[in-house]
1. Measure off, as a whole percent, the carbon and sulfur share of the 1.4 Å-probe accessible area of segment 11-66, all protein chains present.
2. Quick one: Cα centre-to-centre distance for segment 115-179 and segment 1-45, in angstrom?
3. Just the accessible area per residue of segment 37-89, please: how many Å² with a 1.4 Å probe?
4. Counting each DSSP H run of 4 or more residues in the chain as -39500 (n - 2.57), what helix-only mean residue ellipticity at 222 nm follows after dividing by all residues, to the nearest 500 deg cm²/dmol?
5. Below 8 Å between Cα atoms, with a sequence gap of 6+, how large is the relative contact order for the chain in percent?
6. Please identify which residues in segment 210-227 have an amide N closer than 17 Å to a label point set 7 Å out from the Cα of L23, following the Cα→Cβ vector.
7. Tilt of helix 120-133 relative to the longest C-alpha principal axis of the chain, in degrees (0 to 90, nearest 10)?
8. Using Cα-only point scatterers and the Debye equation, what is log10 of I(q)/I(0) for segment 103-160 at each q in 0.23 Å⁻¹, rounded to two decimals?
Amino acid sequence: MKRNTVLKLSGVERHYGQGDTQLSILKKADLTLNSGEIVALVAPSGTGKSTLLHLAGLLEHPDSGEVSINGNPCNGLSDDKRTAIRRSEIGFVYQFHHLLPEFSALENIMMPQMIAGLPRSEAKQRAGQLLDYMRIGHRGAHRPGELSGGEQQRVAIARAVANAPSLLLADEPTGNLDPETASYVFEALEALVRQSGLAALIATHNHDLAARMDRRVTIADGKVVDF
Ligand code: ADP
Ligand code: MG
């Protein structure tokens, strides 16, 4: 499989506060992520994992430095253009699933596809395939509240990749699950990434899961370094 650079952070800075109370979270941080690789982001709480994921996901602007998605520098783009890139190229998974409670698992996965303009029948077919892929095809008609934590996260992962993004960003996606369930959810995520060739950056405190990823990075003194 051909490897493309999907995400590139170059000299990215992010500071909070001002004057004496300025907190430098990222200081000239660099990171390159290629298609088909799963990278663990392992660092203590408060070191900037979520900040890094938000910058990579174009949800925030860096104070300086550049964020490029598929070779396109994104800093100077309009909010509309950033949103368009986010919708088509980036999928997010959070610690808590954020699924819509009034809709079934299948409908939750159909939603982003229909927003992107896909006909209902096609969205439904792909949603069903993704549920099968996550090994919860039999749970499609259930609402999130009727699913276990591990099942909810698998639906959230399926929803994140529904529009075939090139980058998956996950912020402690198994942080709320027991180790065995976390392992099972990661296995499904890994199969999906391997099959689709997307690039995944996964913040986690789970060292067993991190060990199963292709590469591990951490944040030290505001920089992203191999771990
Ligand atoms: P992590 O995800 O690794 O726990 P975060 O990226 O959430 O870390 O936060 C890194 C640091 O930046 C923390 O000290 C946090 O309090 C601070 N921080 C995050 N967001 C803001 C904000 N909007 N304003 C001020 N400080 C913030
Ligand atoms: Mg965080």
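The values are calculated or read from the model by the stated rules, or taken from the named source; none is laboratory data. What you see is a predicted model; the values in this text were computed from it and never measured. In this analysis, Cβ positions are derived from the backbone assuming ideal geometry, glycine residues included, and neighbour counts consider all displayed protein chains. Accessible surface is based on the protein model in full, side chains and every heavy atom, while ligands, DNA and RNA are left aside. Shrake-Rupley method; radii C 1.70, N 1.55, O 1.52, S 1.80 Å.
1. 48 percent
2. With segment 115-179 and segment 1-45 each reduced to a Cα centre, they are spaced 26 Å.
3. Roughly 42 Å² per residue, with all protein chains present.
4. For the chain, the value works out to -11000 deg cm²/dmol.
5. RCO, the chain: 30 percent.
6. 219-223
7. Once rounded, the angle reads 80 degrees.
8. -0.79
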